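Okay, structure first, notes after.
The values are calculated or read from the model by the stated rules, or taken from the named source; none is laboratory data. Source: prediction; values computed, not measured. A quick note on method: Cβ atoms are made from the backbone with ideal geometry, for glycine too, and the neighbour counts reach across all protein chains shown. Heads up: the accessible areas ignore ligands, DNA and RNA and are worked out on the full protein's heavy atoms, side chains in. Shrake-Rupley method; radii C 1.70, N 1.55, O 1.52, S 1.80 Å.
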Amino acid sequence: MARVWRGVVRTRAGLIRYNMRMEQTLILIKPDAIQKRLTGIILSRFEALGLEIAAAKVVRASEELLREHYANLKGTPFVDGVVKFMMGDYNNLPDHRIYAFVLRGENAVSRVRAALGATNPEKAEPWTLRGQFGCIKDGVMQNAVHASGTPQEAEREIALWFKPEEVLP
Ligand code: IDP
Ligand code: MG
């Protein structure tokens with residue numbers, strides 16, 4: 001899916017090489033962020049990066065979908081806690097909704113991850129979304145937002161959460 005533009009621009013400061021990849025990435029606004037009413041703040045950070053929303057929906061995710069989404073965590077001691085958290089168990093939501101988005105733009109995957117900060121909110125830089133809004137409660141990381149880690153991961157995850165016709169070109 002990723003398209004790459006490479007080139008050279010001549011400026012007064014010299015030649016600048018560029019390597020731009022038009023990428024898509026999956027964003028999930030997690031139950032802790034929904035409970036804290038952070039959706040607008042989170043989306044505004046991504047909007048400021050110049051990314052476009054290619055798909056959006058409210059999802060009541062099944063345990064099956066979440067276990068498939070977090071297949072890389074299978075066998076870890078914390079996977080059950082992560083799935084429970086993603087189903088809203090720790091955030092007193094009336095249902096277990098998640099807000100899902102596909103964002104598109106130049107180098108979208110790495111730029112969105114930089115805006116998120118580290119997985120562990122206590123180690124994330126204080127100006128990142130997870131550093132500002134995440135916490136750890138009862139050993140479960142409540143880190144506000146999911147974003148794909150690589151373009152390959154993004155392709156797999158987008159196909160899990162969206163039908164092809166739901167993602168606008
Ligand atoms: P990521 O969300 O930064 O991509 P992953 O390693 O893919 O991090 O893990 C997925 C999610 O699983 C994390 O966002 C976090 O909620 C949870 N998680 C990851 N590592 C740990 C851990 O060591 N303890 C508890 N929860 C974890
Ligand atoms: Mg990950």
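Quick notes on this one:
- Looking only at the stretch 144-165, and only at residues there that are in contact (Cβ under 8 Å) with a residue 24 or more places away in the chain and hydrophobic (A, V, I, L, M, F, W, C), the one that is farthest from ligand 1 (Cβ to nearest atom): PHE162
- Some residue of the stretch 85-107 being surrounded by fewer than 19 Cβ atoms within 10 Å (Cβ to Cβ) and within 15 Å of ligand 2 (Cβ to nearest atom): no
- Residue in the stretch 84-94 that is more than 13 Å from ligand 1 (Cβ to nearest atom) and within 14 Å of ILE27 (Cβ to Cβ) present: no
- Checking each residue in the stretch 110-169 for being out of contact with any Lys or Arg (no Cβ under 7 Å at 6 or more places or on another chain) and at positive phi picks out ASP138, GLY139.
- Test: residue in the stretch 50-62 that is within 20 Å of ARG104 (Cα to Cα) and at pLDDT below 95: no
- Any hit, the stretch 25-34, residues being exposed (fewer than 10 other Cβ atoms within 10 Å of the Cβ) and outside any strand (DSSP E or B): no
- Taking the criterion of being among the hydrophobic types (A, V, I, L, M, F, W, C), farther than 22 Å from ARG67 by Cβ and within 16 Å of ligand 2 (Cβ to nearest atom), the only residue of the stretch 125-168 that qualifies is LEU129.
- Test: LEU160 is out of contact with any Pro (no Cβ under 8 Å at 6 or more places or on another chain) and either under 12 Å from ILE27 (Cβ atoms) or open to solvent by 80 Å² or more (accessible area, probe 1.4 Å) (or both): no
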